[in-house]
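Report on the structure given below.
What follows is calculated from the coordinates using simple rules that are stated; it is not laboratory data. Treat the numbers as computed from the prediction; the structure is a model and nothing was measured. Because the Cβ atoms are built from the backbone with ideal geometry, glycine has one as well, and the counts that use them run over all protein chains shown.
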Amino acid sequence: MVHLLRPEPAAEILAPFPNAGSFKDLANFCQTRYLRDMSTMNISLPEALKSFVDQQVSGRGFGTSSEYVRELIRKDQDRQYLRGLLLDGAASAPTEAVDAGYFDRLRDRVRRRVTK
């Protein structure tokens, strides 16, 4: 079982910066605000997948497995959003051809707006 939410105390994060002073207070505030809206989710993974997640966390600069999973979810949300845009575009009525002339007219329109 992998526990996805392992928040690191701000003091641990800022420990290498002894002169942080008020930054510690700011970090504590930010962490409290960030974690207040968090929910906890536990997932079970086969050892091979857990090892893969651990490798990704350490090798790609993620602080925790939670950060890695959140990034995967955000990327999937982006992918689904872009897929929806593509499907909407494919289902829409055809417009004028997009060729060099189209881009010339578009640049002219932008230049006119900028010079106003």
>> I'd like to compare 47-56, 106-115: which one has the highest average count of other Cβ atoms within 10 Å, and what's the full order after that?
In response: 47-56, 106-115
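Short version: what are the Cα gyration tensor semi-axes of the stretch 45-116, square root of 5 times each eigenvalue, largest first, in whole Å?
Semi-axis lengths for the stretch 45-116 are 44, 18, 10 Å.
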